[in-house]
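The values are calculated or read from the model by the stated rules, or taken from the named source; none is laboratory data. Keep in mind that this is a model prediction, so the values were computed, not measured. Here the Cβ positions follow ideal geometry from the backbone for every residue, glycine too, while neighbour counts run over all protein chains shown. Note: areas computed on protein heavy atoms with side chains; ligands, DNA, RNA excluded. Shrake-Rupley method; radii C 1.70, N 1.55, O 1.52, S 1.80 Å.
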Amino acid sequence: MEGLGGGDSTNDSPIAQKLREFWRIYQYYLDKTTSHAVPRWAGTLIIALIFAIRVYFVQGFIIIIYALGIYLLNLLIGFLSPLVDPELESSDGALLPTKGSDEFKPFIRRLPEFKFWHSITKAFCIAFVMTFFSVFDVPVFWPILLVYWISICPMEPKSRYALVRDYDGINQNGSLNWLRFFLS
């Protein structure tokens, strides 16, 4: 039973040991960034800016940009969605409080902020690396992709706005409390 448990094994190849050590170091620094949200997002913004400058100067890779945009939209929808969708869950009573005496159920995200940030950062890094390989520079008629992507963007978050409203993400004056919603 020595081999079970995934611990360090002396029988592993040197490559496997180096990969395990690299993963341990990566996870260590990733864990240290957990409580530093603003520097994390600033770093992601810098990576996105570097990617945008690279694509601008290369003048190509429209498919990568389109796939990245769809993936980011999918992540945003997961970030704005509750873990338990009140419309899909069948229950005997109301899931959301309707009176002051009802129990308050906080908004729990399907995709937490840290995983949202980590996925976005990895996506920009992978897309940046892909711009160095000409096999990904597929010639496409980009206006069709742009129109399709622009038509998708307002349709998806519209239903999520209703969920934000239901989970008390709306102020008394009717405006959306984005800061409170994103930092919860």
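Solvent-accessible area assigned to carbon and sulfur over segment 31-89 amounts to 73 percent, based on a 1.4 Å probe. Label-to-label distance for Leu49 and Thr34 is 2.9 nm, based on points extended 7 Å past Cα in the beta-carbon direction. For the pair Val140 and Phe22, the difference between a 0.36 nm per residue extended length and the Cα-Cα distance amounts to 38.6 nm. Heavy-atom accessible surface of segment 110-156, averaged per residue, reaches 69 Å², computed with a 1.4 Å probe.
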